[in-house]
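Heads up: the structure comes next, in structure tokens.
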Amino acid sequence: MQTKARKFFATALASLYGLCFAPLAQAYAFNELIPDVRQPASVSGGSACPVKAHRLTAAGSITERWSTALGTAPVTIITLDQTPTGRLNEIEQVITTALGVWTGVSGTTLLPASLAPLTRVAAATSCGSDGVNSICFDQSDSAFTPGVLAFTRVITADKIGTQLGSGPAATQFGQILDADVYFNPSDSQVTFATPTALPANQKAYDLESILTHELGHSFGFSHSAVWNAMMYPFAPAPGTITGTRPSIQQPDAPLGDDDRTGLRVLYPDPADTVHTGSIAGRIVPANPLSLPGAPPGVTGIFGSHVVAVDSTSGAVIGATIGGWSCAAPGPAQFDGSYKIDRLPVGHSYTIYAESLNGVVDPSQVSDATATLCRNSTTDPGWPPLQGCVVPAVNASFTTRTRPGP
Amino acid sequence: MSYRQRRRFFWIMFLGGLAVVALAAALSATTLSKLRFAELAQKSTAVARLRCLSAVSRWENGEIWTETRFEVLETEKGLLPGLVSVRMLGGHVEGLHSRVEGVPVFRPGEEVYLFLWGRAGEPFSVLGWSQGTFRIAQNPETGAETVTQDSAAMPVFDPQKQHFRRDGIRNWPVVLFQEKLRGALMQRRW
């Protein structure tokens, strides 16, 4: 493997008129949570290290149903076929294709066979915390405000045995128990068009792009700040699409490399021999005295984005939010560590490390950084030795590199 | 990385930073559609500077919701009592974590400007979620306050151009933000 791992060191950054110009990028990120170690180790695992929310991927284990109730006042879903049956078939094709985008990524255990047959349900209000994954196009929800097109609500278990509604009990930490996709049904200014209907409805959002993004959340993704990533939080403008349309030859065509790497990290295939590279290191300040005094134990820069760019293609292959590490039984240690996994071997990479901004609360940037710690304040009765406090993001640095050994 | 590459990299960073000031791009969002600042001001029920007091998650109508209580410090639009509650989807209850990307989460003690939105008979929500959330930070040394919009917190890496760009309001001195806000509320074009 010709991958060059490079060490980064931080130096103080002079801000200009109070504006920090240090750029940063957040690539793929995950919905993570910390198991409830107040529970016996048999159900909590005993470790306070964050785990990634995920679905089980055994054959037929991923169920999805969709509500065939479609809004009429206003009409928000636009199809080319206007017959009742044709409309439903066209929408169902979009759902099937969007699921196929994610199961079409090589090197993961999320396979087409992981999906149970897609089912239909007539009720408009089929979405809810019932343990059944649903997609709803005409379910009003008071969470919607102007400007909200669609969202995915993901419910995850932090201990084994947790059950939700009629769904199966969790058998793994971080198992997603219910992920429902809601499309805004009541904003007359917002419409979604199927791929065949989009060319004639340029003011509509591409249903396939938005649904593919939302399904990414349902598989455990948070948002990405890579421009061409599917998990980039902003949708393509009305009348346009994200990436390119999927095809039989390349079902994952709409995804960016960043999305693919993220999926491989979430659902790694042990048999994958291509995406086995990793780059790891620490980001530490040139002057250790610049580290925050509180909370105690911070030994490296926290809150940095580390991005791996393929030196040849320029594509963002993967990235992470660096600054911490964790080994069982936890808690997280804020030592400046980063690690980018599941990189294709045989490539050279350039690594960018950038600071977050000082005023940025970790929760703004990624839930991943906001959920690294639980303690007796957040959770009464939390074991002190497994508790921690997330430090403030260290923004006052720029990076310089020196060649690796 | 050679000296030349390093120099190029820092130039990219610097220019990317300048682009922050220059760009106010119009984007639309996947869970969110882009709301311009003037739209936020126009469509909001109320706008206020608030201090978070507490947040409680609970089951309600089959979903986990988080209700956050705020002390009203300064009202810019609408009529608000001294305390307001904001209810947003998601939270943590009894071993279950409910999460919706883009929904702002608040911590006791932090101060924010929120563009509130509410239907009659329902608790307030935050208009446009992360777009209607503007967090206030205070420089511990100088005391100077700055404002950053949640949706602007993630500068974007453009793989094709190999540089970063940012949109929205980020690190604005609070005085500038107030000026922009009051201008928008007066329906002046910014």
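Dividing the mean sequence gap of close Cα pairs (under 8 Å, 6+ apart) by how many residues chain A holds gives a relative contact order of 24 percent.
Peptide B:83-93 is shielded by partner chain Cβ atoms: per residue, an average of 2 of them sit within 10 Å of its Cβ. Annotation: peptides A:328-335, A:246-253, ranked by per-residue average of other Cβ atoms within 10 Å with the highest first, follow the order A:328-335, A:246-253. With a threshold of 23 Å on the Cα-Cα distance, the over-threshold entries among B:Lys43/B:Lys180; A:Lys203/B:Lys180; A:Lys52/B:Lys34 are A:Lys203/B:Lys180; A:Lys52/B:Lys34. Rounded to the nearest 10 degrees, the angle from helix A:207-218 to the longest Cα principal axis of chain A is 50 degrees. Over segment A:55-256, the alpha carbon radius of gyration divided by the compact-protein estimate 2.2 N^0.38 Å works out to 0.98. Across peptide A:155-168, the mean count of Cβ atoms from other chains lying within 10 Å of each residue's own Cβ comes to 3.
Connecting C-alpha atoms closer than 10 Å in a GNM of chain A, tell me which of A:Ser278, A:Ser134, A:Ser337 has the biggest fluctuation. Most flexible of the set in this elastic network: A:Ser278. Per residue, the average separation of C-alpha pairs within less than 8 Å and at least 6 apart gives segment A:282-349 a relative contact order of 33 percent. Calculated on the alpha-carbon coordinates, the convex hull of chain A measures out at 161 cubic angstrom per residue.
In this structure, the amide hydrogen of B:Ile64, modeled 1.01 Å from its nitrogen in the peptide plane, lies closer than 5 angstrom to those of B:Gly90, counting only residues at least 5 positions away or on a different chain. Residues A:His275, A:His213 in ascending order of nearby Cβ atoms (within 10 Å, fewest first): A:His275, A:His213.
Across peptide B:100-108, the mean count of Cβ atoms from other chains lying within 10 Å of each residue's own Cβ comes to 6.
Coordinate-derived values only; no laboratory data. This structure is a prediction, so every number in the text was calculated from the model and none was measured. In this analysis, Cβ positions are derived from the backbone assuming ideal geometry, glycine residues included, and neighbour counts consider all displayed protein chains.
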